[in-house]
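Taking it in order: structure first as structure tokens, then the write-up.
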Amino acid sequence: MPLADVRPEGPRPRSRPVVRIDLLGPMRATTYLGENILPHGNRARAVLGYLCLAAGEHVPRAELAHLLWDRVSSAAARTNLRQALHELSTFFGDLAKELITTGRNVVRLNTEACWVDALAALALDPAADDLPHGELLALCRGELLEDLDGASASFDRWLAGERTRVSGRLQALLESELKRTETKSNAARALTRALAGLRERARTHRRRSERWETAVRAEAGEPAAPADDAAERAVLPSASAQARDRLRVGVLPFLAHASQREENLAFSLSQEIAAALARFRWFDVIAPISLRPTPSTRFVDERHLRRMDLNYAVDGTVSGNGKQVHIEVRLMELADHARPVWRECFDLRVGELHRLNELVTTRIVGRIDPVILFIEGQPNRREHYGATGLLLLAIPLIFSMERKKYEEAGRLIGRALEIEPDNAMVAAWAAHWHLFYVGQGWSQNVERTQQITQEFALKAIKLDPNNAEALGIYAHICSIVDKDFDAALYYFNRSLRLNPSLAFIWALSAATYSYIGKPEISLQRLERYGELAPLDPHYSWFEHLYTIAYTFKGDYERAVIVGRRCTKETPDFVAGYKPLVASLGHLGRRDEARPYVEKLLSLDAKFTVQHFGNTYPFKRAEDRERYMQGLRLAGVPER
């Protein structure tokens with residue numbers, strides 16, 4: 001290692017240690033005067049523990065940063081390490097220069113100036129004849145770094161190895177000393193109790209390692225090692241679980257890096273997110289309390305997530321500065337390895353914590369849902385997931401509005417219904433598919449197709465009355481097919497009470513508010529849709545609802561701006577052209593409207609002003625007449 005990489009060392013160590021650091025049992029760090037210099041933050045404590053066990057060796061910063069912050073980018077990990085080292089130096093105070101040596105790429109603890117209990121245990125020789133009972137028993141008072149489980153998955157693995165190393169040395173010391181001690185003495189009994197405690201901890205470590213090994217073998221397709229008992233056998237997913245047709249999303253306990261109040265907030269937030277996700281019907285949700293291997297575990301590693309047979313995991317952190325709470329959340333796909341697929345940060349003023357669900361939870365959940373749907377909707381993705389898997393493959397094809405793809409989506413939904421005829425979500429989307437098959441002008445028997453649409457929609461809400469998506473789709477059908485706007489608003493409200501994070505339904509409900517002549521409310525609902533799902537892969541489909549709202553509002557310029565964009569991105573969607581053409585007609589831009597009219601008629605040869613006026617869901621006569629007039633002015637045939 002180049003000498004230029006290391007800053008000059010502090011003063012030469014004194015003959016006696018200036019700091020005592022206890023790593024066995026509750027962590028402590030005190031000066032020779034008894035002053036507490038242990039940092040508050042768990043990560044700073046973990047850094048100190050690692051440096052202690054490095055026994056004075058130079059530790060690469062990159063190694064230490066990755067060990068403790070293995071879930072973030074290298075740059076963020078280095079920044080976090082700098083903050084932890086700064087906290088460590090701050091608590092060391094005037095002793096910092098003597099204890100900590102830092103370089104651009106390395107860091108070192110001057111353990112010669114410290115007495116560290118774990119290093120003292122490792123330095124003892126089991127063959128020595130003069131092991132003091134009292135000091136030996138004091139070294140067996142607790143687990144190595146017992147409060148630091150969950151700092152990170154990498155740190156947990158390193159810590160498991162260090163615990164085995166230190167525990168093994170202590171067992172050897174106790175066994176050696178027992179051989180030299182009178183069997184019935186008080187000292188022997190104390191040594192025996194200490195040895196029993198160490199052996200129990202060793203068994204716990206061994207079982208944990210075996211579970212990790214079993215999971216690794218299972219992932220590699222190798223035979224599992226024989227299990228010791230039923231609890232060990234239960235680690236692997238059952239055959240029925242492997243054949244399941246539901247995705248599984250786990251929400252991990254969120255972590256906090258500061259006060260107990262923030263830790264409580266972090267765990268409560270993760271529970272609320274799990275509850276909100278459970279309102280969706282695509283997947284099963286595993287709550288944080290169920291993902292903890294033990295009640296005291298704070299961190300859940302990747303192997304445990306695999307043993308839980310999860311497809312996705314949500315995790316996050318909470319931090320604060322007294323004025324503001326900073327929340328970081330990410331979604332990981334758990335395939336061959338954990339892969340982050342979405343990450344976002346949210347900031348909330350302390351005075352707005354009572355609005356946590358409104359401002360944070362619903363947005364997190366609303367943004368997770370479309371990401372999972374997009375991933376699972378990729379071709380050849382999870383077709384073995386039964387009816388739900390087939391539906392997930394169908395949805396992107398529906399939103400393409402291209403006839404060949406749309407009809408393939410219909411075949412997939414038909415297969416899903418054959419597999420699971422009582423699946424409410426499949427029935428709801430079957431209704432949605434038939435509704436827009438009519439809207440695209442493809443149905444040869446409109447009346448019969450609309451009847452099928454209603455049958456599927458009603459079946460869905462009867463099968464699952466609390467299925468928010470099914471209720472929202474039924475509400476849209478009430479509006480479009482029945483022109484029963486009161487019923488539509490009733491079912492939209494029920495849907496969004498059940499799942500306020502359902503961005504899709506916020507958008508569909510906006511259409512009804514346009515139809516009843518309340519475009520301002522429509523735009524507000526579309527704004528909510530955008531807040532919940534800003535990265536929705538089907539955004540261009542839903543954006544045409546803005547064109548409708550602006551047209552009803554009489555803001556024709558904006559309708560044209562949005563409408564041109566929508567028709568370019570989804571050129572086969574018939575409904576996208578109607579408000580654009582009407583708005584261009586009202587603006588007197590007939591020449592500009594001509595290619596859009598031609599495209600509309602090529603998609604729906606039967607489209608006329610009169611037919612539109614008779615079938616479109618207007619509540620107010622004045623809105624109908626104004627819309628029809630715009631179409632006339634743009635050059636749409638009257639009959």
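Observations on the structure shown:
- In the range 553-565 there is at least one residue matching the filter, namely being charged (D, E, K, R), at pLDDT 95 or above, in contact with a Leu (Cβ under 9 Å, 6 or more places away or on another chain) and closer than 20 Å to Arg620 by Cβ.
- Enumeration of residues in the range 54-88 that are surrounded by fewer than 22 Cβ atoms within 10 Å (Cβ to Cβ) and closer than 15 Å to Ile21 by Cα: Ala54, Ala55, Gly56
- Boolean, Asp309 is in contact with a Phe, Trp or Tyr (Cβ under 8 Å, 6 or more places away or on another chain), in a loop (DSSP other than H, G, I, E, B) and either of a type in the set (Lys, Arg) or modelled with pLDDT under 80 (or both): no
- Scanning the range 24-40 for residues that are surrounded by fewer than 17 Cβ atoms within 10 Å (Cβ to Cβ) and not aliphatic (A, V, I, L, M) turns up Pro26, Arg28, Thr30, Thr31, Tyr32, Gly34, Glu35, Asn36, His40.
- So Ala416, is it touching a Pro at 6+ places or on another chain (Cβ under 9 Å) and surrounded by 14 or more Cβ atoms within 10 Å (Cβ to Cβ): no
Let's see how each residue does on (1) touching a Ser or Thr at 6+ places or on another chain (Cβ under 8 Å); (2) modelled with pLDDT of 90 or more:
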| site | (1), (2) |
| --- | --- |
| Pro2 | no, no |
| Gly10 | yes, no |
| Pro13 | no, no |
| Pro26 | no, no |
| Gly34 | no, no |
| Gly41 | no, no |
| Val47 | no, yes |
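- Matching residues, the range 537-562, being part of a helix (DSSP H, G or I), small (Gly, Ala, Ser) and farther than 22 Å from Leu435 by Cα: Ala559
- Of the helices (runs of 4 or more DSSP H) lying entirely inside the range 414-495, those containing at least 1 residues that are touching a helix residue (DSSP H, G or I) at 6+ places or on another chain (Cβ under 9 Å) and within 17 Å of Ala510 (Cβ to Cβ) span 424-439, 468-477.
- Residue that is surrounded by the fewest Cβ atoms within 10 Å (Cβ to Cβ), among those in the range 590-614 that are charged (D, E, K, R) and either touching a Lys or Arg at 6+ places or on another chain (Cβ under 6 Å) or more than 24 Å from Tyr539 (Cα to Cα) (or both): Lys606
- Count of residues meeting criterion [among the charged types (D, E, K, R) and in contact (Cβ under 8 Å) with a residue 60 or more places away in the chain] in the range 581-621: 4
- Of all residues in the range 563-589 being over 41 Å from the mean Cα position of the chain (by Cα) and not in a helix (DSSP H, G or I), the one that is surrounded by the most Cβ atoms within 10 Å (Cβ to Cβ): Leu587
- Residues that are outside any loop (DSSP other than H, G, I, E, B), of a type outside the set (A, V, I, L, M, F, W, C) and either over 21 Å from Gln444 (Cβ atoms) or touching a Phe, Trp or Tyr at 6+ places or on another chain (Cβ under 8 Å) (or both) within the range 611-639 comprise Gly613, Glu622, Asp623, Arg624, Glu625, Arg626, Tyr627, Gln629, Gly630, Arg632, listed in sequence order.
- Taken over the range 251-305, the residue count meeting the criterion of being touching a strand residue (DSSP E or B) at 6+ places or on another chain (Cβ under 7 Å) and at pLDDT 65 or above is 25.
- Checked against (1) in contact with a Ser or Thr (Cβ under 8 Å, 6 or more places away or on another chain); (2) within 20 Å of Trp433 (Cα to Cα); (3) aliphatic (A, V, I, L, M); (4) modelled with pLDDT under 95, Ala503 passes all but condition (1).
- Number of the condition not met by Pro534 [criteria: (1) more than 28 Å from Pro500 (Cα to Cα); (2) under 36 Å from the mean Cα position of the chain (by Cα); (3) outside any helix (DSSP H, G or I)]: (1)
Residue-wise test of (1) more than 35 Å from the chain's Cα centre (by Cα); (2) surrounded by fewer than 22 Cβ atoms within 10 Å (Cβ to Cβ); (3) farther than 24 Å from Leu373 by Cβ; (4) among the acidic types (Asp, Glu).
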{"position": "Asn423", "(1), (2), (3), (4)": "no, no, no, no"}
{"position": "Ala428", "(1), (2), (3), (4)": "no, no, no, no"}
{"position": "Ala431", "(1), (2), (3), (4)": "no, no, no, no"}
{"position": "Gly439", "(1), (2), (3), (4)": "yes, yes, no, no"}
{"position": "Ser443", "(1), (2), (3), (4)": "yes, yes, yes, no"}
{"position": "Leu458", "(1), (2), (3), (4)": "no, yes, yes, no"}
{"position": "Ile461", "(1), (2), (3), (4)": "no, no, no, no"}
{"position": "Asp464", "(1), (2), (3), (4)": "no, yes, no, yes"}
{"position": "Ala475", "(1), (2), (3), (4)": "no, no, no, no"}
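- Total residues in the range 389-413, condition touching a helix residue (DSSP H, G or I) at 6+ places or on another chain (Cβ under 6 Å), of a type in the set (Gly, Ala, Ser) and either at pLDDT below 90 or crowded, with 20+ Cβ neighbours inside 10 Å (or both): 2
- Enumerated strands (runs of 3 or more DSSP E) restricted to the range 66-116, each holding at least 1 residues that are in the same structural domain as Asn42 (by TED's automatic domain parsing) and hydroxyl-bearing (Ser, Thr, Tyr): 100-102
- Number of residues in the range 445-454 that are touching a residue at least 12 places away in the same chain (Cβ under 8 Å) and either in contact with a His (Cβ under 6 Å, 6 or more places away or on another chain) or surrounded by fewer than 17 Cβ atoms within 10 Å (Cβ to Cβ) (or both) equals 3.
The values are calculated or read from the model by the stated rules, or taken from the named source; none is laboratory data. None of these values were measured; they are calculated from a predicted model. Cβ: placed from backbone, ideal geometry, glycine included. Neighbour counts: every protein chain shown.
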